[in-house]
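First up is the structure itself, then whatever we jot down about it.
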Amino acid sequence: MRSYRYFHLDVFTNRLFGGNQLAVFVDARGLGSDTMRAIAKEMNFSETTFVLPALETGVECQVRIFTPDRELPMAGHPTIGTTFALARAGVIATGVDRVVLGLGVGPTPVSLVWRQNELAFVWMTQLPPTFGSPLADLAGAAAMLRLPQAAVAGTGLPVQAVSSGVPFLFVPLTSRRAVDNAVVDVEAYDAFRRAARIDEHSLFIFSSEPGPDKATVYSRCFAPHLGISEDAATGGASGPLGAYLVHHGVVPGDRAGNMLSLQGVKMGRPSHVHMAIGVAGGLVVSVRVGGESVVAGEGVLHL
């Protein structure tokens, strides 16, 4: 029998039972890909991470990320949460302000902010954004969310795929109520993406309607093709979301370094995902996503 220690974290929150849940196996040596996938399914969180020795110099460790269905090349809340877990386990020494994690997309820098010898906040650097062509079928986009067409068309913003490592299909909506009312019609979505000739991207919907919480956008994310009906916090989408907001003028360049996406409210797990977009000459030149995490518990899995 082999035993594997893991941490259970709530990510993109500063309190228990909020944010997005994550399991982190801090020493996954000896586990194969099939076993990792089976463990992720057993944990039944949107993602589970497995920490392995570094594959190259200049990298602290290798991190593999699994949903209950498949492996991902990168993701935000697993990167942020894994950094907190490694600090809690003593793998990252107190006071270290920068490490590089090996993800499927390559070496990924993370910056650490400490408060009284406790890790308080983590920023991950994501790849520069790539933008797909705007999609013209706004009626189809609304139908796949079971919303009236005006909820999409009324924003004046495009439905568009954007990636900072993993592509997401962004659908802007006119109001927070529309975001809450959205229900993904998987058949309609499949018809929409086939007509648009795009892959099975996760759907990220948002509204920039102001609210009492001061968030830049109010958002939700759906990834049925990954075995995730809804994600409470999606850091991998938040980098390209920030780039989208700046690129389309929703957020001016002088405010691009301080944006907040409020996600997971409809699920009862409010998540605060911070976005910092660097802009030079009107172009996005850097993408960072950051947040807090709480260690909810730890355990040992016996195999």
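Nothing in this text is a laboratory measurement; each read-out follows from the coordinates by a stated rule. Everything numeric here is computed off the predicted structure, so don't read it as measured data. A quick note on method: Cβ atoms are made from the backbone with ideal geometry, for glycine too, and the neighbour counts reach across all protein chains shown.
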(request) Please report the base-10 log of the normalised intensity I(q)/I(0) for segment 49-120, using a Debye sum with one equal scatterer per alpha carbon and no solvent, at each q in 0.15, 0.19 (1/Å). (result) -0.46, -0.73
(message) What's the whole-number percent of alpha carbon pairs in the chain lying beyond 36 angstrom?
(response) 14
(request) State the Cα centre-to-centre distance between segment 185-233 and segment 247-272 in whole Å. (result) 14
(request) Search the structure for amide H atoms under 5 Å from the amide H of Gly278, placed 1.01 Å from N in the peptide plane, and list their residues when 5 or more places away or on another chain. (result) Val285, Ser286, Val287, Arg288
(message) For a quick check: with amide H placed at 1.01 Å from N, whose amide H comes under 5 Å from Leu173's, ignoring anything fewer than 5 positions away on the same chain?
(response) Phe206, Ser207, Ser208
(request) Using a/c under 1.5 as the rounded threshold, could you call segment 1-108 rounded, prolate or oblate? The axes a ≥ b ≥ c are square roots of the C-alpha gyration tensor eigenvalues, and prolate needs a/b larger than b/c, oblate otherwise. (result) rounded
(message) Could you derive backbone 3J(HN,Hα) for segment 84-89 from the dihedral phi with the Karplus parameters 6.51, -1.76 and 1.60 (θ = phi - 60°), listing whole Hz in sequence and x where the residue is Gly or Pro?
(response) 4, 5, 5, 5, 5, 7
(request) On a C-alpha basis, how far is the centre of segment 68-99 from the centre of segment 1-60 in Å? Whole number, if you could? (result) 9
(message) Using amide H atoms built in the peptide plane, which far-off residues or other-chain residues are under 5 Å from Leu157 H to H?
(response) none
(request) Beyond 18 Å, what share of the Cα-Cα pairs of segment 233-291 is found? Please give it as a whole percent. (result) 29
(request) List, in order, the whole-Hz ³J(HN,Hα) value for each residue of segment 242-256 obtained from phi through the Karplus relation with A = 6.51, B = -1.76, C = 1.60 and θ = phi - 60°; use x for Gly and Pro. (result) x, 5, 4, 4, 6, 4, 9, x, 5, 10, x, x, 6, 10, 5
(message) Only bridges whose two residues both fall in the chain count here: according to DSSP, what percent of them are antiparallel, nearest 5?
(response) 80
(message) Test of understanding: in a Gaussian network model of the chain with alpha carbons linked when under 10 Å, which of Gly154, Gly58, Gly281 would top the mean-square fluctuation ranking?
(response) Gly281
(request) Sorted from largest down, give the three principal axis spans of the alpha carbons of segment 182-274, whole angstrom values. (result) 39, 30, 20
(message) Only four residue types carry charge here, +1 at the Cβ of Lys and Arg and -1 at the Cβ of Asp and Glu. Report the dipole size of the chain about the Cα centre in Debye, rounded to the nearest 20.
(response) 220
(request) State the extension gain, in nm to one decimal, for the chain segment bounded by Asp190 and Ser286, taking 0.36 nm per residue of separation less the distance between their alpha-carbons. (result) 31.3 nm
(request) Report the label-to-label distance for Asp199 and Asn44 in nanometres (one decimal), using points 7 Å from each Cα along the Cα→Cβ vector. (result) 3.0
(message) Just want the ordering: Asp97, Asp10, from fewest to most Cβ atoms lying within 10 Å of their own Cβ.
(response) Asp97, Asp10
(message) Place a point 7 Å from the Cα of Ala150 along the Cα-to-Cβ direction; which residues of segment 199-235 have their backbone N under 19 Å from it?
(response) 207-210
(message) I'd like the per residue volume of the convex hull spanned by the Cα atoms of segment 130-286, given in cubic angstrom.
(response) 101
